[in-house]
Amino acid sequence: MRKKVILICSKCLSRNYSSSRKKYDVKNNPKFSFIGELSARKNQLFLIKFVEELKKFGFEPTLNLIGWGIQKKKLEKYIKKHNLEESVKLIGYDTEIETHLAESDYYVCASKIEGLPFNILEAMFAGSVVFSSDIKGTVDLIDDLENGVLFKLNDMDDLINKFRLVKNNITLQNKLRKNAAVTAKKYLKEFLLK
């Protein structure tokens, strides 16, 4: 297991995110991404419902779910039933993680359970504004509104309120991106040295 972890970290440290990060006008069309297996534990259905809720506030959000898993059919069914095909994309397995992170305005994670969340570390390393449920693992990495945003697990109102706060504050977004990258670099380097 340790060799696999080091490989992921090494790939993360060798990617050049800053040159590929794109600038987007996030006023009404925020772009979100999440990387991980499609499972009840990762809670992607909550993320899809989040996109659905944002549309009620006049946003035109998009969400790219990168990964595959046993929840794929259930998620496809929900997306189709709620006419979200233009807003939510199930990308499947993809090795071009840096492209997805660079093209997203925000990284969002609603996991119910995490160990050491390498997906969040990689998003932080890429300088993404990270929103995550306040569970063990993520609370060890994210200092709320300093290097990311924590919301209460399965609390849609909390996530929407935090998103609206961050989206309307470019200074805060820049601080979160900068501090996230610093945190991830420090954490990954310390981990590799152990």
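The values are calculated or read from the model by the stated rules, or taken from the named source; none is laboratory data. Nothing here was measured: the structure is a model prediction, and the numbers come from that model. Here the Cβ positions follow ideal geometry from the backbone for every residue, glycine too, while neighbour counts run over all protein chains shown. Accessible surface is based on the protein model in full, side chains and every heavy atom, while ligands, DNA and RNA are left aside. Shrake-Rupley method; radii C 1.70, N 1.55, O 1.52, S 1.80 Å.
Points to keep in mind about this one:
- Residue count, segment 63-74 (criterion: crowded, with 19+ Cβ neighbours inside 10 Å and touching a strand residue (DSSP E or B) at 6+ places or on another chain (Cβ under 9 Å)): 4
- Checking each residue of segment 141-156 against the condition of being exposed (fewer than 13 other Cβ atoms within 10 Å of the Cβ) and aliphatic (A, V, I, L, M) gives no match.
- Residue 51 being out of contact with any Lys or Arg (no Cβ under 8 Å at 6 or more places or on another chain) and at pLDDT 95 or above: yes
- Any hit, segment 35-45, residues being at pLDDT below 95 and surrounded by fewer than 18 Cβ atoms within 10 Å (Cβ to Cβ): no
- A Cβ distance below 7 Å, combined with a sequence gap of six or more or placement on separate chains, defines the contacts here; from segment 147-158, residues that are more than 10 Å from residue 50 (Cα to Cα) and at pLDDT 95 or above reach residues that are open to solvent by 20 Å² or more (accessible area, probe 1.4 Å) and part of a strand (DSSP E or B) in the pairs 150/144.
- Residue 128 passes every criterion in (1) surrounded by 13 or more Cβ atoms within 10 Å (Cβ to Cβ); (2) modelled with pLDDT of 95 or more apart from (2).
- Residue in segment 14-33 that is of a type in the set (A, V, I, L, M, F, W, C), at pLDDT 95 or above and in contact with an Asp or Glu (Cβ under 8 Å, 6 or more places away or on another chain) present: yes
- Restricting the search to helices (runs of 4 or more DSSP H) fully inside segment 28-128 and requiring at least 3 residues that are more than 23 Å from residue 148 (Cα to Cα) and not β-branched (Val, Ile, Thr) gives 72-81.
- Matching residues in segment 141-170 - criterion: being in a strand (DSSP E or B) and within 20 Å of residue 28 (Cβ to Cβ): 149
- In segment 75-88, residue surrounded by the fewest Cβ atoms within 10 Å (Cβ to Cβ) [restricted to those that are more than 11 Å from residue 44 (Cα to Cα) and in contact with a Ser or Thr (Cβ under 9 Å, 6 or more places away or on another chain)]: 86
- Residue check for residue 105: open to solvent by 40 Å² or more (accessible area, probe 1.4 Å) and either at pLDDT below 95 or touching a strand residue (DSSP E or B) at 6+ places or on another chain (Cβ under 7 Å) (or both): no
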